[in-house]
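Throughout, read-outs are computed from the coordinates displayed, never taken from laboratory work. The shown structure was predicted, so the numbers you read here are calculated from the model rather than taken from an experiment. Every residue, glycine among them, receives a Cβ derived from its backbone with ideal geometry; neighbour counts consider all protein chains shown.
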Amino acid sequence: MPELPEVETVRRGLEPVLAGRRIARFEQRRPDLRFPFPERFAERLENQTILTLGRRAKYLLARLSSGEVLVMHLGMSGRFTITLPHQGKPQLLGDYTYDTGADPAHDHVVFMMEDGVTVTYNDPRRFGCMLLISEQELDEHPLFAGLGVEPLGNELTPDYLATKARGRKADLKAFLMDQRIVAGLGNIYVCEALYRAGLSPKRVASCLANGSGWPTSRAERLVPAIRSVLQDAIDAGGSTLRDYRQADGTIGGFQHTFSVYGREGEPCLTPGCRGIVQRIVQGGRSTFYCGKCQR
DNA sequence: CATGCCCCCTGCACGC
DNA sequence: TGCGTGCAGGGGGCAT
């Protein structure tokens, strides 16, 4: 799944075809994804103009002229495909060129914009979701109320991490995976950030604070590690695992830059380190790290 | 409140 | 070729 860099990449890909455009028709092909689709979903979308396409954590937020916000999450396998209209040919829903290689059986939702551009949401595992929430209620909605800081914003500081980590018994991996602490990190980028910071994923989270609650040098290292790995990934257009593609059909390249993720048994890339990347399981999910240079 | 585990679902790689 | 197993980028819900 798309973690923050992939969602941001998708947002940037969709923005030019969605923002400022009216949804002419909307097609919903099944009753639900992770949650049931909203009541009267198509009615509430059709003829609305998408004012802006934003992102919070791993959620895409399409602000509509009606005052509602279309909230979209890609889960593990969600993706969008943009299809341009055939030249000189009326573009009808269901009559579009499918160009991603994805199984059309999992095309659950189709947006047709006023200019004939089609945006299709495909999600084999259906862990994604779409919700309509009024703009006023967005911040108080259960999905958003508890979210932690945006890692690329100004609020992620060593002080913040130390405050949140103080007294925590969970390990660093679980702490950073917790969306209530830092919103948008996932399995890949937590592993990569901990590598960049030289911190073991098994270390207790409270090691980010000292006895007085002030940040330790570990917290000081972790902040730039998180920021840089996310920014580098965004700059590379996200990571492409299996058949994930960007909204415009091109493929992100950050997976070629992974230092530890998916590299079990391979040599650590830290200059001079003779360690081997190992895979362990934490909270039921794979963690990759070098036990030699990540302490 | 914090923590850990299960589950939702499909596709794919692997070993036999 | 077929089949069983384990694994996959998330996160809600529940028991403890």
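Of A:58/A:292; A:164/A:292; A:202/A:292; A:173/A:292; A:164/A:202, which pairs sit farther than 21 Å apart, going by alpha carbon to alpha carbon?
Result: A:58/A:292; A:164/A:292 exceed 21 Å.
Could you give the radius of gyration (one decimal) and Dmax (whole number) of the Cα atoms in chain A, in Å?
20.6, 70
Compute the length gained on full extension between residue A:27 and residue A:228: take 0.36 nm times their separation in residues and subtract their Cα-Cα distance, giving the result in nm to one decimal. Before the final figure, lay out the partial values.
Numbers: separation 201, 0.36 × 201 = 72.36 nm, distance 3.91 nm.
Full extension of this stretch gives 68.4 nm more.
With labels modelled as points extended 7 Å from the Cα through the Cβ direction, what inter-label distance (nm, one decimal) is found for residue A:125 paired with residue A:103?
Taking the two extended label points, one gets 1.4 nm.
Restricting to Cα atoms and excluding each atom paired with itself, what does the Kirkwood estimate give for region A:106-186 in Å?
One decimal place: 15.8 Å for the Kirkwood radius.
Taking 7 Å along the Cα-to-C-beta vector as the label spot, tell me the residue A:137-residue A:39 distance in nanometres, rounded to one decimal.
Here the answer is 1.0 nm between the modelled labels.
Using Cα centres only, tell me the gap between region A:217-238 and region A:126-164 in whole Å.
19
Test of understanding: in a Gaussian network model of chain A with alpha carbons linked when under 10 Å, which of A:77, A:217, A:259 would top the mean-square fluctuation ranking?
A:217
If I stretch the segment between residue A:145 and residue A:19 completely, what's the gain in nm (0.36 nm per residue apart, minus their alpha carbon distance), one decimal?
Working it through step by step, the gained length comes to 42.8 nm.
Exposed loop GluC sites (Glu not before Pro) only (DSSP loop, at most 16 other Cβ atoms within 10 Å): please give the longest stretch of chain A free of them, not including the sites.
A:156-263
Please give the calculated 222 nm ellipticity per residue for chain A, where each DSSP H segment of at least 4 residues contributes -39500 (n - 2.57) and the sum is spread over every residue; nearest 500 deg cm²/dmol?
-6500 deg cm²/dmol, from helical runs alone.
If amide H atoms are built 1.01 Å from N in the plane of the peptide, which residues on other chains or at least 5 residues away come under 5 Å of the amide H of residue A:56?
A:61
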